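Data first, discussion second: the structure below is written as structure tokens.
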Amino acid sequence: MARTNLLYAQSGGVTAVINATAAAVIAAARERDDAVGTLFAARNGILGVLGEDLIDTAVLGAEEVDALAHMPGGAFGSCRFDLDPPERNPAQYDRLFAVFAAHGIGGFLYNGGNGSMDAVAKLSAAARARGYPLACVGVPKTVDNDLEGTDCSPGFGSAAKYAAVAMLEAGIDVASMASRSGRVFVLEVMGRNAGWIAAATALAAQTADEPPHIILMPEIPFDEDAFLAAVDATVKRLGYCAVTVSEGIRRANGTLVMEQDHDRKGHVQLGGAGQCIARLIHARLGHKHHWAIPDYLQRAAGHLVSAVDHAHASAVGRAAVEAAIAGRDCVMPAIRRLSDEPYRWDLEFADAAAIANLERRVPAHFIRADGLHVTDAARRYLRPLIEGEVYPAFARGVPDYRRLKLPAVPRKLASYVP
Ligand code: F6P
């Protein structure tokens, strides 16, 4: 069998288990040295391909690959960068295929979310148009759980577990401090347009009176009066109220409850919706309030990874290598749920082009009729995804995350000037 070189890259917001996928890709490629020559990784996603900033993953010893599987962040660096349509910027594609050709790349594995699947679809189409033999494989990940075509996205289960644990523990704290004048705790979690992580905090509760008492998701327009009435009723009943807020909640007129800033491309930077909600409660109901934003903590918590999520992340990495070796193009290994309890799953392949740029939001049957909490169907879906724990090794009291040395291979082409 002729051997080919593969190129792996990470893209978009990172997760606590994206490196588990990377480690699985490396391990699988090593096992298949009959079919894979060199496995390269691009630094900072597709930007590293454009810049010919490539790492030969052979620099990592077996022990480092094992350690990589338990490290948060993106070991090879990530990026938020959308490829132009080929007809608008052919030079961009000329460069990408020049880099592929210079390094004998026959398979490209792009580990990302819905925007990255768009890159996979564009590259796959461009390769076919140019007659360049390339298997383009999307590898799913996103804490937002908003990828279509898969039952869940690797990275989500661990973020969900972190958020549920945060609500459980802070909820116990605020319950201890319940007072006659009322106390409120607000937890803001990620989820730009999809409330999956917020929904998962419901897993903290064993009974209806346990936190979180209210969950605000972007799928439901924020109704201030209905919300305050629910807070008031909860405080009257329990002396306190715990609320989860998705960062991307919007009012009925479509405006965000809170946005921080815009980046250079006009993307809105979210953050602060929880504080707004906490202040609103204080202003209207007078309760003492605390609020928290775990922000990066929820997607970087390598010390609290879900074992199921870790297994998903590893499995999609291995399957992506096999798909590239088999020459499967424009596909994405996807998680297929076979049963909730006991939780059983396997992998299937989805069409990456059909998934590109879509956003899977929390469906209506997962949201309680009043829009302020989730249903039992949501709990049944979510519960297995946070099951089990995979801990990193600890040293000196903190996780023993390696500082990997990842030198670039010598460039073969002139520098790229966009
Ligand atoms: O990719 C998911 C996500 O974690 C969103 O939930 C969040 O709004 C965003 O990324 C933050 O990303 P960045 O690190 O680019 O600011």
Next on the checklist: I'd like the distance between the alpha-carbon centres of the range 77-115 and the range 203-242, rounded to an integer number of Å.
Outcome noted: 45 Å
Next on the checklist: Expected output is a single nm value to one decimal: the length gained when fully extending between A307 and A252, i.e. 0.36 nm times separation in residues minus the C-alpha distance. What is it?
Outcome noted: 16.0 nm
Next on the checklist: Can you list residues from other chains, or at least 5 along the same chain, whose modelled amide H is less than 5 Å from the amide H of W345?
Outcome noted: L338
Checklist outcome for this item: To the nearest 0.05, the calculated FRET efficiency linking A233 and D340 through their beta-carbon distance, R0 being 30 Å, is 0.45
Checklist entry - Beyond 20 Å, what share of the Cα-Cα pairs of the range 74-144 remains, rounded to the nearest whole percent? => result 28 percent
Item to check | Surface per residue (accessible, 1.4 Å probe) for the range 356-418, Å² | outcome: 67 Å²
Item to check | Lys, Arg +1 and Asp, Glu -1 on Cβ, resulting dipole of the range 274-381 about Cα centre, debye, nearest 20 | outcome: 540 debye
Checklist outcome for this item: CD proxy, 222 nm, the chain: helix-only mean residue ellipticity via -39,500 (n - 2.57) per DSSP H run with n ≥ 4, per residue, nearest 500, stands at -10500 deg cm²/dmol
Checklist outcome for this item: Here the equivalent ellipsoid of the range 295-418, derived from its Cα gyration tensor, has semi-axes (largest first, whole Å) of 32, 24, 17
Checklist entry - By per-residue mean of other Cβ atoms within 10 Å, what is the highest-first order of 114-122, 166-174, 180-188? => result 114-122, 180-188, 166-174
Checklist entry - If you put +1 on each Lys and Arg Cβ and -1 on each Asp and Glu Cβ, how big is the dipole of the chain around its Cα centre, in Debye rounded to 20? => result 520 debye
Next on the checklist: Can you list residues from other chains, or at least 5 along the same chain, whose modelled amide H is less than 5 Å from the amide H of V189?
Outcome noted: V245, S246, E247
Checklist outcome for this item: Taking Cα atoms only, helix 307-325 is inclined relative to the longest principal axis of the chain by an angle, in degrees rounded to 10, of 20 degrees
Checklist entry - Using a simple spin-label model with points 7 Å from Cα along the Cα→Cβ vector, what separation in nm is obtained for H290 and A91? => result 5.6 nm
Checklist entry - Among P218, Y162, L187, which residue has its Cα positioned farthest towards the positive end of the charge dipole of the range 157-238, with +1 placed on the Cβ of Lys and Arg, -1 on the Cβ of Asp and Glu, and the dipole taken about the Cα centre? => result Y162
Checklist entry - Say we join alpha carbon atoms closer than 10 Å with springs in a Gaussian network model of the chain; which of C152, C276, C79 then has the biggest fluctuation? => result C276
Checklist entry - Kirkwood-based Rg over Rh for the range 110-210 (C-alpha set), two decimals? => result 1.24
Checklist entry - Using a simple spin-label model with points 7 Å from Cα along the Cα→Cβ vector, what separation in nm is obtained for D33 and Y391? => result 3.5 nm
Item to check | Principal semi-axes in Å for the chain [√(5λ), Cα gyration tensor, largest first] | outcome: 41, 22, 19
Checklist outcome for this item: The percentage of the accessible area of the chain (probe 1.4 Å, all protein chains present) made up of carbon and sulfur atoms, to the nearest whole number, is 52 percent
Checklist entry - In a GNM of the chain with a 10 Å cut-off on Cα contacts, which of G77, G61, G195 has the highest mean-square fluctuation? => result G61
Item to check | Efficiency of FRET from Cβ geometry, A326 and A125, R₀ 25 Å, rounded to 0.05 | outcome: 0.80
Checklist entry - How much length, in nm to one decimal, is gained on full extension between D173 and A102, taken as 0.36 nm per residue of separation minus their Cα-Cα distance? => result 19.7 nm
Next on the checklist: If R₀ is 25 angstrom, what is the calculated FRET efficiency for the pair F81 and V59, using the beta carbon separation as r and rounding to 0.05?
Outcome noted: 0.50
Checklist entry - For the chain, what's the relative contact order in percent, using C-alpha pairs closer than 8 Å and at least 6 residues apart? => result 22 percent
Checklist entry - Of the residues A315, A102, A27, which exhibits the maximal mean-square fluctuation in a Gaussian network model of the chain defined by a 10 Å Cα contact cut-off? => result A102
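The values are calculated or read from the model by the stated rules, or taken from the named source; none is laboratory data. The shown structure was predicted, so the numbers you read here are calculated from the model rather than taken from an experiment. Backbone-built Cβ (ideal geometry, glycine too); neighbour counts: all protein chains shown. For the accessible areas, the whole protein counts, side chains as well, though only heavy atoms, and no ligand, DNA or RNA atoms are used. Shrake-Rupley method; radii C 1.70, N 1.55, O 1.52, S 1.80 Å.
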